[in-house]
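Participant: Quick one: the structure is below, and I'll ask about it shortly.
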Amino acid sequence: MDITHHDASTFAQTWGLVLFLVLFVGIVAYALWPGNRDKFNKASRAPLDEE
């Protein structure tokens with residue numbers, strides 16, 4: 001089976017898009033997960049704390 005540049009490019013574009021979409025959804029889910037709210041609120045106030 002000969003793989004042409006066009007075939008490789010199409011494969012990379014298709015599965016690259018799928019990979020980045022899955023990563024994006026995972027990152028957004030992590031950021032919006034209710035259990036992480038306190039951790040992110042604490043991190044957002046860290047620069048303002050006087051310690």
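Participant: Which value, in Å², gives the accessible area per residue of the chain when a 1.4 Å probe is used on the protein heavy atoms? Working shown, then result.
Facilitator: Details: 5130 Å² over 51 residues.
With all protein chains present, the chain gives 101 Å² per residue.
Participant: Here are labelled values, [x] 43, 12, 6; [y] 27, 12, 4; [z] 22, 17, 6, and one is the computed semi-axes √(5λ) of the Cα gyration tensor in Å for what I pasted. Which one?
Facilitator: From the options [x] 43, 12, 6; [y] 27, 12, 4; [z] 22, 17, 6, the structure gives [x].
Participant: In degrees from 0 to 90, rounded to the nearest 10, what is the angle of the helix 5-32 Cα long axis to the longest principal axis of the chain?
Facilitator: With both axes taken from Cα atoms, the answer is about 20 degrees.
Participant: Given a Förster distance of 22 Å, report the FRET efficiency between ILE3 and PHE24 from their Cβ-Cβ distance, rounded to the nearest 0.05.
Facilitator: So, using R0 = 22 Å, E works out to roughly 0.20.
Participant: Which FRET efficiency, nearest 0.05, do ARG37 and LEU17 yield, Cβ-Cβ r, R0 25 Å?
Facilitator: Efficiency, from the Cβ-Cβ distance: 0.25.
The values are calculated or read from the model by the stated rules, or taken from the named source; none is laboratory data. These numbers come from a predicted model, not from an experiment. FYI the Cβ positions are ideal-geometry reconstructions off the backbone, even for glycines, and counts take in every protein chain you see. For accessibility, only protein heavy atoms count, side chains too; no ligands or nucleic acids. Shrake-Rupley method; radii C 1.70, N 1.55, O 1.52, S 1.80 Å.
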